[in-house]
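Participant: Can you keep this structure in mind? I'll have questions shortly.
The values are calculated or read from the model by the stated rules, or taken from the named source; none is laboratory data. Just so we're clear, the structure is a prediction, and the values are computed from it rather than from any experiment. All Cβ positions, even for glycine, are placed from backbone atoms using ideal geometry, and neighbour counts span all protein chains on display. Note: accessible area is taken over every heavy atom of the protein model, side chains too, but ligands, DNA and RNA are not part of it. Shrake-Rupley method; radii C 1.70, N 1.55, O 1.52, S 1.80 Å.
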Amino acid sequence: MRAQLMQRTLLSLVLGLLFLSTPAMGSCLDKYQELLGQLQKQADFMQHTSMLLDPYIRIQGLDKDGLKEYCQERPGTFPSKDALQQLSRQGFLHVINTTLGQVLHRLRTLLKDIPKAQDLEKLNMMKLHIRGFKNNIHCMAQLLPGSVEKTEPTPAGPAASPSPTPIPDAFQRRLEGCRFLHGYHRFMHSVGQVFREWGQSPSRSRRHSPRRGLRKGAHRTHLSRRNKRLKPRGWLPR
């Protein structure tokens, strides 16, 4: 058991260094495919509930008496996969960067309710993963053609944030935190899926959309039929 714990700790530290391998160290990867692959792996790692939601449920005692069933994402808290797919690539990166900034702000609030230092260490490590992912988002935005700086590197230290609106009931506050983290993991799963739809080149500003393709094909058919109707009488195709 102790050996497994040490292995997990070592893996977390290695991943932490991987996640902070971009602007925090003074440079960005300049190879599109390599950076895209890293973003996909990071999103896959961050979507797992064992990284954040499961420890939070255990720490807050929400794993008893069926309370875990109430830890469902509130609709509208995070962008849906369909909404992300409709964005341009730059817009997609901008939404990720903004959303993860809100996640970091919320995590600072949630960590205040966690008393044990051992539990705080694991959740604080997740904050490093999120900052590293945001840094890679910044690097990818620079690689895209016609990029406009909509994302900025994440500062190395924690930034000051306004005090959260107090919630009177402590139990309700724990439930809200649980729902928020459930939505966060689902969001990261959607982010990973969208990244996998990106092509081999950074040159395309929008990804393929089957619906748009169908509409385009239908438009061509309509024009073809109309052209046929406009042909003068007596004209026969060779």
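Participant: List pairs: first residue in the range 74-100 and open to solvent by 60 Å² or more (accessible area, probe 1.4 Å), second residue polar (S, T, N, Q) and part of a helix (DSSP H, G or I) anywhere in the structure, Cβ distance under 6 angstrom, at least six positions apart or on different chains.
Facilitator: Pairs found: K81/S190.
Participant: Continuing with the same structure: Taking the condition surrounded by 12 or more Cβ atoms within 10 Å (Cβ to Cβ), more than 21 Å from K134 (Cβ to Cβ) and either at pLDDT 90 or above or of a type outside the set (D, E) (or both), does C28 pass?
Facilitator: No: the conditions fail for C28.
Participant: Count, please, the residues in the range 65-99 that happen to be basic (K, R) and either within 15 Å of the chain's Cα centre (by Cα) or farther than 17 Å from R179 by Cβ (or both).
Facilitator: Residues meeting the conditions: 2.
Participant: Something else: Being under 28 Å from P55 (Cα atoms), open to solvent by 40 Å² or more (accessible area, probe 1.4 Å) and modelled with pLDDT of 90 or more is the filter here, so list the residues in the range 112-166 that pass it.
Facilitator: The one that is under 28 Å from P55 (Cα atoms), open to solvent by 40 Å² or more (accessible area, probe 1.4 Å) and modelled with pLDDT of 90 or more: L128.
Participant: So R108 clears everything in (1) closer than 24 Å to L36 by Cβ; (2) charged (D, E, K, R); (3) at pLDDT below 95 except one condition, right? Which one?
Facilitator: Answer for R108: the failing condition is (1).
Participant: Looking at the range 54-67, which of its residues are in a helix (DSSP H, G or I), of a type outside the set (V, I, T) and touching a Cys at 6+ places or on another chain (Cβ under 8 Å)?
Facilitator: The one that is in a helix (DSSP H, G or I), of a type outside the set (V, I, T) and touching a Cys at 6+ places or on another chain (Cβ under 8 Å): Y56.
Participant: Same structure, new question: Where the second residue is among the small types (G, A, S) and open to solvent by 70 Å² or more (accessible area, probe 1.4 Å) and the first is modelled with pLDDT under 75 and lies in the range 192-204, which pairs have Cβ atoms under 8 Å and are six or more apart or on separate chains?
Facilitator: As it stands, the answer is none, since no pair meets every condition given.
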